[in-house]
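Report on one structure; see the data block that follows.
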Amino acid sequence: MERAEAYGFSGAMSGAFLLSCLLFAAVSRRQRGPYMDEVFHVPQAQAYCHGRFLQWDPMITTLPGLYLLSVGVVKPAAWLLGWTGSVVCSVGMLRFINLLFSAGNFYLLYLLLFKIHQKNKAVSGFQRILSALTLAVFPTLYFFTFLYYTDPGSVFFTLFSYLMCLYGNHKTSALLGFCGFMFRQTNIVWTVFCAGNVVAEKLNEAWKIELQKKKDEKISSRKGSFSDLTRTLRFLVEYLISPKNLVTLIALTWPYIILVSLFFAFVFINGGIVVGDRSSHEACLHFPQLFYFLSFTGFFSFLHLLTPTKIRKFLLSLRKHPVQYSLITVISLFLIWKFTYVHKYLLADNRHYTFYVWRKVFQRHELVKYLLVPFYIFAGWSFADTLKSKSIFWILMYFVCLLAVTVPQKLLEFRYFILPFLIYRLNIPFLSLYRQLLELAFYILVNAVTFYLFLNRTFRWENSDEVQRFMW
């Protein structure tokens, strides 16, 4: 990092943290007590604060990583500063943990952008800083910085694990992956993703050697045609059934294999992936979740995905491969028809944006969910097109992880899309400086609207005296 870039990054991070502190104070003044899922998280953390480590709220579905870390931070801080009484492990103190995670996420996002795009000399230091700032204030993640939720910590340890993986520190990466798993069990998918990075790199090296042997055949690991995909999948199978190759891959990824093995042992002993309330968190094959994720990504990355050039390229691809796109359309319609699930929380809780998206869009007419298929196909094509700089093996590995982390979820919840979105955004090319500024302005606008609604547009339910607030 050059000196000017280091100063610029320090200034951006300090400024963002200061503004976050001011916003944190405003949220804490307006919402002093626990809100939404905080009514479970805060008392559990406070029980740990008082040494009651065997106490557990059966409504909590995640492992106790957040509470253990909170006690590990708050208790020493209270001892050093001489704090006593109710201020220790108060709602405000616990929420402040996530503010620290937010600063850490900013730094990790910058380091990841620097590492992933280090070969791209056209990207300036200012663009890296701007992109890191934009992702740090990504609305769905940034909002939960100010509440005591698992999301900021979950993102922190997953991004840290990914960074260590890229630097080849796989034992450290697996250990950080375990920390991420302790915050949210589904983060085991991103441990598999880190192992997949190693495998994809080895596969790509072998694929290049294969291409050298067949120079007369115009094969490229980055072509987008279906025939190339079939040829690549055949090579993948042939590579993975070789004992020699398998031994090599196991030797490279054994820390991740141990962690994944521990995960399966946990699932077997626990009787499932969810720790507490399983009735509201049942796994199912909810394939339309992939379509919802693509729509979510299209909304927050429209400057990347929705451009006149991409529309023209998509129409050209549509004209060249009508049979394949017709097949994709039929499969998409079938998946929507047979595998659409509507969680009871989605229909009942009018505090979440997803409630209004579902009511205003999907419940407008029975046919709406089918009429959106052309948009889903374009979003999926554009999504994949932005990743064309990555190897085909990396893309396949990412899509497997994306399916694993989204499809089993019955509830449509934007928070579940945060990590796959960030991993995607970290790996696509940079926008021009002008479009980067537009994107940052868009994220700031969405955040401003969200916090205005949360702080000022309160309402009450008929059967409750508690103040209700809109949120993601």
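Pick out the one residue from ARG29, ARG3 that is closer than 30 Å to SER131 by Cα, open to solvent by 50 Å² or more (accessible area, probe 1.4 Å) and among the basic types (Lys, Arg).
Numbers: ARG29 fails: closer than 30 Å to SER131 by Cα.
From the options ARG29, ARG3, the qualifying one is ARG3.
Is there a residue being under 25 Å from ASN187 (Cα atoms) and surrounded by fewer than 18 Cβ atoms within 10 Å (Cβ to Cβ) anywhere in the stretch 357-367?
Our first condition is that a residue be under 25 Å from ASN187 (Cα atoms); within the stretch 357-367, this holds for none.
There is no residue in the stretch 357-367 that is under 25 Å from ASN187 (Cα atoms) and surrounded by fewer than 18 Cβ atoms within 10 Å (Cβ to Cβ).
Checking PHE40 against (1) closer than 21 Å to VAL155 by Cα; (2) touching a helix residue (DSSP H, G or I) at 6+ places or on another chain (Cβ under 9 Å), only one condition comes out false. Which one?
(2)
Identify, from the list TYR443, TYR424, the residue that is aromatic (Phe, Trp, Tyr) and closer than 18 Å to PHE106 by Cβ.
Result of the check over TYR443, TYR424: TYR443.
Hey, can you tell me all the residues within the stretch 78-88 that are exposed (fewer than 13 other Cβ atoms within 10 Å of the Cβ) and part of a helix (DSSP H, G or I)?
Within the stretch 78-88, TRP79, LEU80, LEU81, GLY85, SER86, VAL87 qualify.
For the list (1) modelled with pLDDT under 95; (2) buried (at least 22 other Cβ atoms within 10 Å of the Cβ), I need the number of the one condition that LYS202 fails.
It fails just one condition, (2).
So how many residues does the stretch 152-181 have that are of a type in the set (A, V, I, L, M) and either without any contact (Cβ under 8 Å) to a residue 12 or more places away in the chain or surrounded by fewer than 21 Cβ atoms within 10 Å (Cβ to Cβ) (or both)?
Residues flagged as of a type in the set (A, V, I, L, M) and either without any contact (Cβ under 8 Å) to a residue 12 or more places away in the chain or surrounded by fewer than 21 Cβ atoms within 10 Å (Cβ to Cβ) (or both) within the stretch 152-181 amount to 3.
What pairs come up if the first residue lies in the stretch 330-356 and is closer than 16 Å to GLU366 by Cβ, the second is among the basic types (Lys, Arg) and not in a helix (DSSP H, G or I), and their beta carbons are under 9 Å apart, counting only those six or more places apart or on different chains?
Short answer, once both residue conditions are applied: TYR341/LYS410; VAL342/LYS410.
When you look at PHE17, is it touching a Leu at 6+ places or on another chain (Cβ under 7 Å) and part of a helix (DSSP H, G or I), yes or no?
no
Test each condition in (1) open to solvent by 60 Å² or more (accessible area, probe 1.4 Å); (2) modelled with pLDDT under 95 for TRP337 and report the one that comes out false.
Result: TRP337 fails condition (2) only.
Residues of the stretch 82-130 being under 30 Å from GLN44 (Cβ atoms) and of a type in the set (Val, Ile, Thr), which ones?
Result: THR84, VAL87, VAL88, VAL91, ILE97.
Restricting to the stretch 267-296, name every residue that is without any contact (Cβ under 8 Å) to a residue 12 or more places away in the chain and among the hydrophobic types (A, V, I, L, M, F, W, C).
Hits for the stretch 267-296 are VAL267, PHE268, ILE269.
Going through the stretch 23-44 one residue at a time, which ones are assigned to a loop (DSSP other than H, G, I, E, B) and over 17 Å from GLY65 (Cα atoms)?
GLN31, ARG32, GLY33, PRO34, TYR35, MET36
Which of the residues belonging to the stretch 32-53 are without any contact (Cβ under 8 Å) to a residue 12 or more places away in the chain and surrounded by 19 or more Cβ atoms within 10 Å (Cβ to Cβ)?
none
Suppose we keep only residues that are of a type in the set (A, V, I, L, M) and over 15 Å from TYR376 (Cβ atoms) within the stretch 313-327. Which one would you say is most open to solvent (accessible area, probe 1.4 Å)?
Step by step, filter the stretch 313-327, then rank; the result is VAL323.
Against the definition (under 30 Å from GLY276 (Cβ atoms), buried (at least 23 other Cβ atoms within 10 Å of the Cβ) and in contact with a strand residue (DSSP E or B) (Cβ under 9 Å, 6 or more places away or on another chain)), how does LEU147 come out, yes or no?
yes
Being in contact with a Phe, Trp or Tyr (Cβ under 7 Å, 6 or more places away or on another chain) and either touching a residue at least 60 places away in the same chain (Cβ under 8 Å) or over 16 Å from ARG425 (Cα atoms) (or both): is that true of LEU99 here?
In short, yes.
Given the structure, is VAL189 outside any helix (DSSP H, G or I) and either modelled with pLDDT of 95 or more or over 17 Å from the mean Cα position of the chain (by Cα) (or both)?
Judged against the criteria, VAL189 is not a match.
Would you check which residues across the stretch 453-472 are farther than 19 Å from TYR345 by Cβ, modelled with pLDDT of 90 or more and either open to solvent by less than 70 Å² (accessible area, probe 1.4 Å) or outside any helix (DSSP H, G or I) (or both) and list them?
Those that are farther than 19 Å from TYR345 by Cβ, modelled with pLDDT of 90 or more and either open to solvent by less than 70 Å² (accessible area, probe 1.4 Å) or outside any helix (DSSP H, G or I) (or both): LEU453, LEU455, ARG457, THR458, ARG460, VAL467.
State which residue is most open to solvent (accessible area, probe 1.4 Å) when the search covers only the stretch 419-452 and only residues that are within 20 Å of the chain's Cα centre (by Cα) and β-branched (Val, Ile, Thr).
ILE444
Taking SER124, is it open to solvent by 60 Å² or more (accessible area, probe 1.4 Å) and among the hydroxyl-bearing types (Ser, Thr, Tyr)?
When the stated conditions are applied, SER124 does not pass them.
Residues in the stretch 80-95: is at least one under 27 Å from ILE444 (Cβ atoms), of a type in the set (Gly, Ala, Ser) and touching a Ser or Thr at 6+ places or on another chain (Cβ under 9 Å)?
So far as the stretch 80-95 goes, yes, one or more of its residues are under 27 Å from ILE444 (Cβ atoms), of a type in the set (Gly, Ala, Ser) and touching a Ser or Thr at 6+ places or on another chain (Cβ under 9 Å).
The values are calculated or read from the model by the stated rules, or taken from the named source; none is laboratory data. These figures come from a predicted structure and were not determined experimentally. Using ideal geometry, Cβ is built from the backbone for each residue, glycine included, and neighbour counts are taken over all protein chains shown. All accessible areas refer to the heavy atoms of the entire protein, side chains included, with ligands and DNA or RNA removed. Shrake-Rupley method; radii C 1.70, N 1.55, O 1.52, S 1.80 Å.
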